[in-house]
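A.B. asks: Attaching a single structure in structure tokens format; questions to follow.
Bear in mind that the values in this text are calculations on the coordinates, not laboratory data. Keep in mind it's a predicted model, so treat the numbers as computed, not measured. Glycine gets a Cβ as well: all are built from the backbone with ideal geometry, and neighbour counts include every protein chain shown.
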Amino acid sequence: MNKENTLFITGAGISAESGIPTFRGEDGFWTIGSRNYTPMEMATRHMYQQQPEQFLAWYYNRFITYRHHAENDVHRWLADKNLITQNIDGLDGKAGNKNYIAIHGRIDKMTLYHTQGEPVEVIDAPWDQVDDQRLNQSLMHLFNIKNTPTLNESYKPFVLLFDEYYTDLYRIDEALSRMEQADKMVFMGTSFSVNITNMAMDIAMRNEIPVEVVDPDPVILPYAKVKYHKMRATDYIQHHD
């Protein structure tokens, strides 16, 4: 059994078996852009501000079409664990985890468009009201955007974009606290290519706690106290019940 202070940190590989593409695989979200822009250009606050119609249509087609996918055995196994996920699909919540941290946001939520760092409520996103026959106009209407977003009037998907930073909206202070209190960290299905995994590894090395990496092709980390499990998360959980 895992100790209560083992912290699990998950990435896109966890949801691949639910039929959701990873971010950097051959068919990943970050390999498929719009007609004129790369994913790294599309998934930005700048694009939302300057070309909200294109941003919302791209976001809807790349992410929201997966909103009805179901959780898998790994999500269910993690349901009672101390968990931080990089995933925005919300499947850990569907699996029953009541207090996981979705450090990059969730596709089923939105917020008022606000200056980062200001307190704001996270509310349900109206995806089921979208008219696919008039997609762009429908999205602009539902997010209360005329030509460009208006602060504290328009809405923005609850997702951390490339040119944004972690704030209390994404529970960053609580995430860092969980890292500091952990006596072990287990990384599952992550490529270690985002800031949150770097933060976690810095804390793990400073506190000299053991780390486990679960991935068929794991990133090799510059730390002596790492145990690698070169397997899928579904295989890992079968040996750790």
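A.B. asks: For region 107-113, just list the computed ³J(HN,Hα) in residue order, Karplus coefficients 6.51, -1.76 and 1.60, θ = phi - 60°, integers in Hz, with x standing in for Gly and Pro.
C.D. replies: Working through the residues one at a time gives 5, 8, 10, 8, 9, 4, 5 Hz.
A.B. asks: Output ³J(HN,Hα) for region 222-236: one whole-Hz value per residue in order, computed from phi by the Karplus curve 6.51 cos²θ - 1.76 cosθ + 1.60 with θ = phi - 60°, and x for Gly and Pro.
C.D. replies: Values, residue by residue: x, 8, 6, 8, 10, 10, 9, 10, 7, 7, 6, 4, 5, 6, 4 Hz.
A.B. asks: If you don't mind, another one. In what sequence do Met179, Met140 fall when counting other Cβ within 10 Å, fewest first?
C.D. replies: In order of increasing Cβ crowding within 10 Å: Met140, Met179.
A.B. asks: Relative contact order for region 79-207: what is it in percent, counting Cα pairs under 8 Å that are at least 6 residues apart?
C.D. replies: Taking the mean separation of contacting Cα pairs over the length of region 79-207, I get 22 percent.
A.B. asks: In addition: Taking only DSSP H segments of four or more residues, each worth -39500 (n - 2.57), what value at 222 nm results for the chain once the sum is divided by all its residues, to the nearest 500 deg cm²/dmol?
C.D. replies: One gets -7000 deg cm²/dmol as the mean residue ellipticity at 222 nm.
A.B. asks: Taking all pairs of different Cα atoms in region 171-241, averaging 1/r and flipping that mean, what Kirkwood radius in angstroms comes out?
C.D. replies: Taking every pair of different Cα atoms in region 171-241, averaging 1/r and inverting gives 12.7 Å.
A.B. asks: Placing +1 at every Lys and Arg Cβ and -1 at every Asp and Glu Cβ, with all other atoms neutral, what dipole size does region 95-134 have around its Cα centre, in debye to the nearest 20?
C.D. replies: In total the dipole reaches around 200 debye.
A.B. asks: Still on this model: Roughly how tilted is helix 52-62, in degrees to the nearest 10 and between 0 and 90, from the longest Cα axis of the chain?
C.D. replies: So the inclination is approximately 40 degrees.
A.B. asks: Amide H of Gly105 versus every other amide H placed in the peptide plane: which residues, excluding those fewer than 5 positions away on the same chain, fall under 5 Å?
C.D. replies: Under 5 Å from the amide H of Gly105: Leu160.
A.B. asks: Rank His104, Ala200, Thr148 by how far each Cα sits towards the positive end of the charge dipole of the chain (+1 on Lys, Arg Cβ; -1 on Asp, Glu Cβ) and give me just the farthest.
C.D. replies: Selected residue: Ala200.
A.B. asks: What's the magnitude of the charge dipole for the chain around its Cα centre, counting Lys and Arg as +1 and Asp and Glu as -1 at the beta-carbon? Answer in Debye, nearest 20.
C.D. replies: 180 debye
A.B. asks: Let me ask something else. List Phe158, Phe63 from most exposed to least, where exposure is judged by having the fewest other Cβ atoms within 10 Å.
C.D. replies: With the sparsest Cβ surroundings first, the list reads Phe63, Phe158.
A.B. asks: If the cut-off is 21 Å between C-alpha atoms, which lysines fall inside it for Lys156, apart from same-chain ones fewer than 8 positions away?
C.D. replies: Lys109, Lys146
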